[in-house]
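Report on one structure; see the data block that follows.
The values are calculated or read from the model by the stated rules, or taken from the named source; none is laboratory data. Note that the coordinates shown come from a computational prediction; the quantities given were computed from them, not determined experimentally. All Cβ positions, glycine included, derive from the backbone under ideal geometry; neighbour counts span all protein chains shown.
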Amino acid sequence: MRARGKIRQKGVVLIAVVWSVFILAAMAFALSALVRSSSDELHARKEQLQSYYVARGAVYRAISMLKQPMVQHGDARPFVPGQSRLEWDDAGRHIAIDVMDETGKLDLNASSPAMLERLFQNLGMELEAAHSLTAAIEDWRDSDDETRPSGAESLYYLSLPRPYRPANRDFQSVDELLLVRGVTQQLLYGGYRVRPEDGVVERQVGLIDCLTVASGNSSVNINYAPMPVLMTVPGMTPMVASLIVEGRKRKPFDSVGEFVHDYPVLLSGETLSHLTGGSTGPYTLIASAAADDGVTARIRAVVQVNGLQVNMGGRLMPGPPFLIREWDDSYVR
């Protein structure tokens, strides 16, 4: 009996030891997983921060490229008017800068109601909805509080669950459109769709890709204007717009005259008056810095690189070398 009791005691101790080892192993495994997870998170955070600062620096480097003369020390200029992309490698990351001259968009404050209405239709809006949105935009940017037919002024905006008043001044940014009746985030920022013919996911442009508040004129740049913008120009046809898009892929046009020379098309004086070539800025720069492990940071900036002046006692003097108009640290669209 005494021997059996000792054996039973040894069995209990053995089971306790086994369970203790199991619990300690589980704890060690959990601790190891936690440390590994924290290490991976720290590494990802470090890569994200490094990519961000590389992308941030790339914006300023791109600004210097935009300002360089046509030939520097016998080398070709890194940027020529009409160019839409800059690329290089830096600090183990690939840098890509998408360049968009803001004159390739319609100026929200300077464009005619007819051109704005055509743009909205080109983006898929029905005629009545496009007309109403144009009227609401005109009401927002004019100085009075009188409502146009199909428009919207204080009477409408003050009736909303969170009431506010229309600005009754020029738009300060394209994002301000979200306050205007009829503008949704989908319409402003665009979206994505799957092409039924091949299953490829493609981005659909939004107002943010077609409108600006920085150009200050009603003409559009043939080297940068997307198709919906080109088709707002009076007298523009799909054939001519397609020739512009295809031609600039091979080589940016130095001027509208060069396009007319290379592609003999008949354009009216009104059509020509709404077109421009070359690049004058300001520019939208979208800087992407990608690490080997796929961590990417994207920054969007709207910059003015020339023509800046300051008023010194009623006398215009040369201003700073550049001006950053907008900055988005985490551009995801």
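Here is the figure for region 290-320: residues that are surrounded by fewer than 11 Cβ atoms within 10 Å (Cβ to Cβ) and in contact (Cβ under 8 Å) with a residue 40 or more places away in the chain total 2. Selection of region 78-97 for residues being charged (D, E, K, R) and closer than 13 Å to Met65 by Cα yields Arg85, Glu87.
Entry remark, region 121-155: residues being surrounded by 20 or more Cβ atoms within 10 Å (Cβ to Cβ) and in contact with a Ser or Thr (Cβ under 7 Å, 6 or more places away or on another chain) number 4 in total.
If you go through region 171-209 and keep only what is among the aliphatic types (A, V, I, L, M), farther than 15 Å from Leu116 by Cβ and in a helix (DSSP H, G or I), you end up with Leu178, Leu179. Scanning region 258-280 for residues that are part of a strand (DSSP E or B) and either of a type outside the set (A, V, I, L, M) or surrounded by fewer than 18 Cβ atoms within 10 Å (Cβ to Cβ) (or both) yields a total of 1. Scoring Ala136 on the criteria (1) of a type in the set (A, V, I, L, M, F, W, C); (2) touching a helix residue (DSSP H, G or I) at 6+ places or on another chain (Cβ under 7 Å); (3) assigned to a helix (DSSP H, G or I) leaves a single failure, condition (2).
Being out of contact with any Phe, Trp or Tyr (no Cβ under 9 Å at 6 or more places or on another chain) and among the β-branched types (Val, Ile, Thr) is the filter here, so list the residues in region 121-177 that pass it. Of everything in region 121-177, just one residue is out of contact with any Phe, Trp or Tyr (no Cβ under 9 Å at 6 or more places or on another chain) and among the β-branched types (Val, Ile, Thr), namely Val174. All conditions in (1) modelled with pLDDT of 90 or more; (2) within 23 Å of Glu87 (Cα to Cα); (3) exposed (fewer than 14 other Cβ atoms within 10 Å of the Cβ) hold for Tyr283, with the sole exception of (3).
Each residue in region 176-188 was checked for being surrounded by 15 or more Cβ atoms within 10 Å (Cβ to Cβ) and under 17 Å from the mean Cα position of the chain (by Cα), and 4 of them qualify. Is it the case, given these coordinates, that Leu119 is within 26 Å of Pro228 (Cα to Cα) and touching a residue at least 24 places away in the same chain (Cβ under 8 Å)? Yes: the conditions hold for Leu119.
Listed by first and then second residue, the pairs with beta-carbon distance under 7 Å, at least 6 apart or on different chains, first residue in region 46-69 and aromatic (Phe, Trp, Tyr), second buried (at least 17 other Cβ atoms within 10 Å of the Cβ), are Tyr52/Ala297. Considered as a group, the residues in region 223-252 that are of a type in the set (D, E, K, R) and part of a helix (DSSP H, G or I) include one that is farthest from Ser111 (Cα to Cα), and that residue is Arg250. For region 292-333, give me the residue count where each residue is hydrophobic (A, V, I, L, M, F, W, C) and more than 25 Å from the chain's Cα centre (by Cα). Selection size over region 292-333: 4.
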